[in-house]
Amino acid sequence: MKVVLVHMPWGSIDVPSLALGILRTAASRAGHEVQVRYANLDFVDWVTRVTGFTLADYRYFSESSYFLGAGDWVFSGLLDDSDRPFDPYARLLTEGGATDAEIALTGAMHRIVPDFIRDLATALTAELATDMSGEPGGAVAGVVGFTTTFQQNAASLAVARLIKKLRPDIRIVFGGANCDGPQGAALHRNFRYVDYVVRGEGEVALPQLLDALDALDPLDSAPPEQASLAAVSGLCWRDPDGTARANPMSSRPLPPTGIVAPDYTGYLERLDASAAADWVAPRLVVEGSRGCWWGEKHHCTFCGLNGSFMQFRSKSPARFLDEVLDLARRHQLLDFIVVDNILDMAYFDSVLQRLADSEYDVRLHFEVKANLRRHHFQQLSDSGAVQVQPGVENLSSHVLRLMDKGVTGCQNVRALRDAQSAGVTASWNYLYGFPGETAQDYTGVIAQLPALHHLEPPIGSARIAIERFSPYFDRPELGFATLRAAPQYTEIYQLPEAELADLAYIFTSVPSGIDQAQAADLDAALATWQARYPVSRLTYQELPDRIVLVSQRAGYDWTVMELATPPEIELFRLLGQPRTAATLAAKVPGGAMVVEPLLAHWSALGLLFHDGGYQVHLAVESNNQVLTRLDHRRATDSAATDSAATAPAATAASRPVVGRSEEEPRAAVVA
């Protein structure tokens with residue numbers, strides 16, 4: 001069976017499609033001829049020829065507008081014969097905070113994309129009219145398959161509809177995260193030009209479907225035997241009379257041995273030939289596991305990422321490492337994104353150690369749990385993990401308990417500190433709007449944020465959306481009793497509300513948690529953090545007889561401080577981990593009479609973060625400091641501050657030295 005698998009806008013342009021790479025491997029092993037079409041790159045080439053479209057514009061549609069659905073709405077006028085007036089959707093964009101320029105761009109793209117869809121549909125039908133060598137292939141119809149995740153639904157449906165008009169004999173197959181569970185069945189019910197929808201993991205189901213289609217006479221456009229289709233787990237298909245059928249999804253996820261390695265043949269060559277090559281540096285995508293080992297025990301209340309299969313399954317360390325290194329050798333590329341929802345803890349002393357010892361200077365991105373310790377972050381750094389996503393999400397222990405995150409506010413702050421000490425960038429977002437949270441959960445944190453300005457700030461903050469498959473979606477008793485599909489789905493699909501309830505992934509409800517004014521206070525405090533982070537620092541260095549701290553933060557007027565007495569040194573070391581005052585008093589010579597004044601003094605100096613009766617120190621190890629990336633002109637001055645940390649002390653123990661302007665730059669940790 002001839003198959004073209006298509007990656008539509010707004011899929012990421014700097015990475016190949018992991019889903020299509022895996023399906024290409026699985027279908028090819030089953031004897032089918034498979035090509036992958038990066039139509040997202042086709043779109044970049046087309047749109048840059050006809051407009052002044054930029055990378056920022058692409059990212060608006062692919063990323064920042066996701067919760068408003070702009071990427072899907074652009075193609076929505078091609079899903080059927082009904083009109084899509086712009087004004088109602090423009091009002092929705094305005095209410096969602098889109099700028100006038102973004103709204104105008106959305107309208108402009110909506111008007112011109114029909115030309116792209118027409119060109120692509122024509123090219124795809126022609127591609128199936130030739131064999132894999134480019135020679136005419138006769139009347140074999142073949143299959144066009146679409147993977148759809150995030151905002152790829154409408155673009156994929158638009159092309160599928162036109163292909164069916166041009167060549168009704170071509171079979172259209174959909175799959176991907178947007179087709180999981182009820183979503184896939186709803187898509188199949190409502191868009192009859194989609195012949196089949198594969199729900200769940202496709203490595204087994206797609207080859208089975210292709211085998212069933214391949215069993216037909218090449219010139220026979222009749223549907224395959226119903227029995228063969230009914231045997232494919234999760235498949236949506238139609239009876240000869242047009243009745244939509246949805247097979248039960250498998251109750252057992254694929255074992256690790258069933259997860260095949262991706263085949264990315266042709267992606268880098270296609271990117272090199274694209275206008276997008278001037279926009280991005282390519283990276284490769286790999287997976288070591290599926291599911292979430294934490295979610296199996298405690299499903300984070302807001303998270304729907306694992307869809308139908310939460311069960312954690314991990315490839316053997318040797319196999320995962322072999323896949324990474326094989327892809328590096330084959331494609332001569334060292335930058336990798338590991339898409340696992342959570343890193344397998346068994347990989348620390350196996351995969352990460354072998355990567356650290358290998359001759360390959362790979363650079364990796366992992367998602368990890370925030371309760372890692374300092375040595376874990378060092379192992380990540382040594383292995384080539386330049387960036388991690390530790391799932392910090394909030395700094396209040398009370399809110400984190402509402403999320404069922406299994407970490408505390410102090411542990412999250414420790415993770416930011418220790419990642420920076422190891423030279424690893426931590427990417428995170430601040431979430432709010434959880435049922436049961438109060439203003440006090442945020443005012444106490446906001447008051448302490450000036451002490452954290454030297455640590456990696458969140459990328460942004462947002463009120464949570466209700467995601468399908470999350471506990472908030474499945475369990476109304478947790479606080480969101482009434483849910484409706486987010487309003488953009490109505491504008492995009494113009495379907496009855498009952499159908500949208502099955503098709504949608506994002507839902508709305510009565511807002512919970514802090515109000516808009518309190519959220520604005522949080523946003524303002526985080527914006528200040530982001531602005532001051534590049535020119536802030538708080539570091540320490542241990543010398544044989546003392547600990548020297550260097551501070552440069554706008555909220556504090558001291559620069560250098562020494563800890564020289566045994567109680568001070570012991571207390572500071574103990575505060576490397578979150579501890580209560582009572583625990584510290586029991587461990588430090590002099591007990592509470594010594595500990596309590598020091599804790600109060602250090603808190604006033606911005607050395608500590610407090611939450612839920614615990615405290616932890618905030619100082620980053622100074623031996624990883626490098627020059628600030630924003631202002632190299634003052635590098636000498638930054639180096640002078642580092643020198644102060646190792647010079648003989650001229651100040652009294654535990655006494656800050658007031659000096660240097662707070663506008664001077666930090667010596668930042670840059671991963």
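The values are calculated or read from the model by the stated rules, or taken from the named source; none is laboratory data. Model, not experiment: these values are computed from the prediction. All Cβ positions, glycine included, derive from the backbone under ideal geometry; neighbour counts span all protein chains shown. These accessible areas exclude ligands, DNA and RNA; they are computed on the full protein's heavy atoms, side chains included. Shrake-Rupley method; radii C 1.70, N 1.55, O 1.52, S 1.80 Å.
What are the residues whose amide H is under 5 Å from the amide H of ARG37, where those residues sit 5 or more places off or on another chain and H is modelled from the backbone?
Residues meeting the amide H criterion: LEU5, VAL6, HIS7.
Going by alpha carbons, how many degrees (0 to 90, nearest 10) lie between the helix axis of 591-604 and the longest principal axis of the chain?
Relative to the chain, helix 591-604 is tipped by roughly 60 degrees.
Per the Kirkwood formula on distinct C-alpha pairs, the Rh of the stretch 23-114 is how many angstrom?
So the Kirkwood estimate lands at 15.0 Å.
Return the ratio Rg/(2.2 N^0.38 Å) for the stretch 226-374, where Rg is computed over Cα atoms only.
Compared with the compact-globule rule of thumb, the stretch 226-374 sits at 1.30.
Around ARG238, which amide H atoms from residues at least 5 apart in sequence, or from another chain, sit under 5 Å from its own amide H, with H modelled in the peptide plane?
Amide H to amide H, under 5 Å and 5 or more residues apart or across chains, ARG238 pairs with ARG245.
Residue-wise, which Karplus ³J(HN,Hα) couplings in Hz belong to the stretch 31-36, taking 6.51 cos²θ - 1.76 cosθ + 1.60, θ = phi - 60°, and x for glycine or proline?
x, 9, 8, 10, 10, 10
Can you give the local net charge around LEU522? Use residues other than it whose beta-carbon is closer than 12 angstrom to its beta-carbon, Lys and Arg +1, Asp and Glu -1. Working shown, then result.
Details: positive: ARG463; negative: GLU437, ASP441, ASP515, ASP521, ASP523.
Net charge around LEU522: -4.
Could you point to the residue in ALA108, PRO16, PHE146 farthest towards the positive end of the chain's charge dipole, with +1 and -1 charges on the Cβ of Lys/Arg and Asp/Glu respectively?
Farthest towards the positive end: PRO16.
Per residue, how much accessible area does the chain show when a 1.4 Å probe rolls over the protein heavy atoms, in square angstrom?
With the other protein chains kept in place, the chain gives 40 Å² per residue.
Summarise the long-distance tail of P(r) for the stretch 360-482 by giving the % of C-alpha pairs beyond 20 Å.
Every Cα pair in the stretch 360-482 considered, those over 20 Å come to 47 percent.
Could you pull out which residues in the stretch 415-438 have an amide N less than 14 Å from a spot 7 Å beyond the Cα of ALA517, following the Cα-Cβ vector?
No residue qualifies, since no backbone N sits under 14 Å from the label point.
Rank LEU41, ALA451, PRO476 by how far each Cα sits towards the positive end of the charge dipole of the chain (+1 on Lys, Arg Cβ; -1 on Asp, Glu Cβ) and give me just the farthest.
Checked the options; the winner is ALA451.
I'd like the isolated cysteines in the chain, meaning no second cysteine's beta-carbon lies under 4.7 angstrom from theirs.
Cys with no partner Cβ under 4.7 Å: CYS179, CYS236, CYS292, CYS410.
What FRET efficiency comes out for the pair HIS331/ARG463, r = Cβ-Cβ distance, R0 = 45 Å, nearest 0.05?
0.65
Dipole of the stretch 1-101, Cα-centred, from +1 at each Lys and Arg C-beta and -1 at each Asp and Glu C-beta, to the nearest 20 debye?
Dipole size: approximately 540 debye.
Considering all alpha-carbon pairs of the chain, what whole percent are spaced by more than 44 angstrom?
Percent of Cα pairs beyond 44 Å in the chain: 28.
What does the charge dipole of the chain about its Cα centre add up to, to the nearest 20 debye, if the Cβ of each Lys and Arg holds +1 and the Cβ of each Asp and Glu holds -1?
Value, rounded to 20: 900 debye.
In whole Hz, what ³J(HN,Hα) sequence does the stretch 608-613 give by Karplus (6.51, -1.76, 1.60; θ = phi - 60°), x for Gly and Pro?
Once rounded to whole Hz, the list reads 10, 10, 10, 6, x, x.
Once phi is turned into ³J(HN,Hα) by the Karplus curve 6.51 cos²θ - 1.76 cosθ + 1.60 with θ = phi - 60°, what whole-Hz value does each residue of the stretch 259-272 show in order, with x for glycine and proline?
Couplings: 8, 8, 7, x, 10, 9, 3, x, 5, 5, 5, 5, 5, 4 Hz.
Would you be so kind as to identify which of ALA275, PHE312, THR265 lies farthest towards the positive end of the dipole of the stretch 237-329, taking Lys and Arg as +1 and Asp and Glu as -1 on Cβ and the Cα centre as origin?
Value computed over the given set: PHE312.
Kirkwood Rh and Cα-based Rg: tell me the resulting Rg over Rh for the stretch 68-113, rounded to two decimals.
With Rh from the inverse mean 1/r over Cα pairs, Rg/Rh is 0.94.
What does the charge count around ALA244 come to, taking other residues whose C-beta lies under 10 Å from its C-beta (Lys +1, Arg +1, Asp -1, Glu -1)?
+3
Tell me whether the stretch 270-324 comes out rounded, prolate or oblate; compute the Cα gyration tensor, take square roots of the eigenvalues as a ≥ b ≥ c, and use a/c under 1.5 as the rounded threshold.
Oblate, because a/c is 1.5 or more while a/b does not exceed b/c.
Within the chain, what whole-number % of the accessible surface is contributed by carbon and sulfur, with the 1.4 Å probe and all protein chains included in the calculation?
Values: 14180 of 26730 Å².
Exposed carbon and sulfur together represent 53 percent of the surface.
Angle between the Cα long axis of helix 153-166 and the longest principal axis of the chain, 0 to 90 degrees, nearest 10?
The helix 153-166 is inclined about 20 degrees to the chain.
Quick one: which residues, 5+ away or cross-chain, put their amide H under 5 Å from the amide H of THR425? H built at 1.01 Å from N.
Answer set, sorted by chain and number: GLN387, VAL388, ALA671.
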